[in-house]
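Note sheet for the following structure.
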Amino acid sequence: MTTATWFIMIGLLLLLVGFTYSNLRSVPTTSAILYLLVGCIVGPMGFGLFHFNPLKESALLEILTEIAVLVSLYCAGVKMPSPVTFRRWRTPLQLAVISMAITVGLVTVFGYYWLSLPLGAAVLLGAVVAPTDPVLATEVQVRHADDPDHLRFSLTCEAGINDGSAFPFVMLGLGLLGLHDLGDSGGRWLLMDVLWASGAGIGIGIAMGCAAGWLIYRLRTKFEDTVFLESFLGLGLIALAYGICLLVDAWGFLGVFSAAVALRHTELRLARGTQAFPAGVTTPGSKVKSRTETHMHVSESSLMFNEHLERIAEIVLVLLIGGSLFWNSWSWRAVVFAGFLFIIARPLSVYLGLLGSRAPMRVRHLAGWFGVRGIGSMYYLMYAIQHGLPEELALELLHLVLVTVALSILVHGVSVKPTIAHFWHRQSS
């Protein structure tokens with residue numbers, strides 16, 4: 001395909017989705033399904049106008065997916081309700097840490113015994129497909145910080161956290177393959193990749209978000225007519241938090257998500273004064289407004305721009321996924337693996353991970369199904385390939401992950417709207 005053809009195709013897709021947005025919301029499909037089908041039609045499964053080879057273009061795809069995940073994590077973070085309390089965050093924390101670790105373990109066992117993968121490759125596969133996706137899961141994400149839906153909050157928060165908490169398992173898989181130093185008896189891995197990288201990422205993110213929120217408040221208080229370019233402030237916070245995390249070997253995904261949450265929390269707290277939030281109270285519903293509340297918060301005003309970037313990234317990346325698939329990609333081996341992940345590993349890990357939780361059983365059932373896999377999984381696989389994953393193993397894992405992501409887009413996309421509608425109907429009845 002020529003450059004002109006690419007522009008025409010993407011332009012037509014953008015116009016189609018733009019004109020039919022309200023229609024897409026009323027039918028059991030998603031825009032990601034449309035992009036995937038177009039990619040398959042113009043790719044090797046259809047007219048063969050183009051073929052994207054993720055193995056040869058792994059460096060490019062790593063950067064594209066990395067940017068998409070970072071923007072999506074920021075969007076998810078600034079939609080988190082305030083105040084941040086353990087009681088509210090307990091369920092998503094259990095999903096993002098306990099359930100994800102169980103998923104890695106289950107996939108490792110399946111990959112080692114049924115797929116006959118080396119142990120390191122099986123662990124790596126588990127780490128790649130375990131985190132849920134913040135880019136393609138927009139249908140089950142919170143709409144705004146005041147969204148009362150406990151299911152949406154849990155799934156959005158889980159996706160924000162586990163895209164960073166999966167990294168230690170990726171490094172463990174690479175270490176077992178001899179591509180990363182785990183230290184004696186895994187000591188270096190536990191100390192550096194788990195404790196330091198995770199803790200430092202969260203700490204840096206919180207510090208950056210709080211500092212940005214405080215600076216914005218002080219400038220608007222001292223200079224009442226100050227006008228900011230909010231979209232640049234959001235992108236700058238993403239880049240700064242991520243860059244500092246990379247500099248000190250911390251997990252940048254955790255840093256960016258934490259920075260967005262901290263920015264939102266700090267802006268709302270300072271806008272109401274120096275007192276702490278009462279439990280369960282959010283600022284937007286308050287009738288008492290300070291001088292700074294006459295401005296839209298940066299966390300809110302930058303959200304729209306970043307969500308548009310997120311949608312553009314979704315179009316490009318899902319088209320590339322569709323253009324990477326051949327008819328023989330849909331092997332029984334890959335389809336059975338995806339079925340195991342969706343039907344056994346995800347639901348079982350959710351039920352086990354939420355033991356002792358107060359989450360309603362309906363929420364557990366739906367969380368067990370809506371573990372959308374997508375762009376985050378592609379990033380982790382490209383990261384592993386760029387860090388020396390042998391070509392034979394890379395091709396095997398790429399085959400499994402591409403089919404899993406494509407099936408996730410299809411089955412979760414088709415089922416999300418009727419399932420959520422039924423859930424809300426049961427809630428209201």
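So how do 96-104, 329-337 stack up, highest first, on mean other-Cβ count within 10 Å?
Final packing ranking: 96-104, 329-337.
So what does log10 I(q)/I(0) come out to for region 225-269 at q = 0.14, 0.24, 0.31 Å⁻¹, using the Debye formula with one equal point on every Cα and no solvent?
At q = 0.14, 0.24, 0.31 Å⁻¹ the computed log10 ratios are -0.37, -0.85, -1.06.
In deg cm²/dmol, rounded to 500, what helix-only [θ] at 222 nm does the chain give when every DSSP H run of at least 4 residues adds -39500 (n - 2.57) and the total is split over its residues?
Calculated mean residue ellipticity at 222 nm is -21500 deg cm²/dmol.
Ranked highest first by the average count of other Cβ atoms within 10 Å around their residues, in what order do 393-406, 16-29, 207-220 fall?
Going from most to least packed, we get 393-406, 207-220, 16-29.
Lys and Arg at +1, Asp and Glu at -1: add these up for the other residues within a Cβ distance under 14 Å of Gln386 and post the number.
-3
What does the charge count around Pro168 come to, taking other residues whose C-beta lies under 13 Å from its C-beta (Lys +1, Arg +1, Asp -1, Glu -1)?
-2
Any chance you could give the angle, 0 to 90 degrees and rounded to 10, that helix 252-271 forms with the longest Cα principal axis of the chain?
Relative to the chain, helix 252-271 is tipped by roughly 20 degrees.
Output the peptides 6-14, 343-351 sorted from most to least packed, where packing is the average of other Cβ atoms within 10 Å over each peptide's residues.
Ranking the peptides 6-14, 343-351 by packing returns 343-351, 6-14.
Please determine, in degrees from 0 to 90 and to the nearest 10, the orientation of helix 391-428 with respect to the longest principal axis defined by the Cα atoms of the chain, where the helix direction is its Cα long axis.
Between the helix axis and the principal axis of the chain, the angle is about 50 degrees.
With Cβ to Cβ distances under 10 Å as the rule, what net charge do the other residues near Asp133 carry (K, R +1; D, E -1)?
0
Which angle between 0 and 90 degrees, to the nearest 10, do you get for helix 119-129 versus the longest principal axis of the chain when only C-alpha atoms count?
For helix 119-129, the angle is close to 50 degrees.
In Å², what does the accessible area per residue of the chain work out to with a 1.4 Å probe?
Per residue, the chain has 44 Å² of solvent-accessible surface.
For the chain, what % of the accessible area comes from carbon and sulfur atoms, probe 1.4 Å?
68 percent
The values are calculated or read from the model by the stated rules, or taken from the named source; none is laboratory data. As the structure is a computational prediction, the values presented were derived from the model and not from experiment. Here the Cβ is made from the backbone with ideal geometry for all residues, glycine too, and neighbour counts use every protein chain on show. Accessible surface areas use protein heavy atoms only, side chains included; no ligands, DNA or RNA. Shrake-Rupley method; radii C 1.70, N 1.55, O 1.52, S 1.80 Å.
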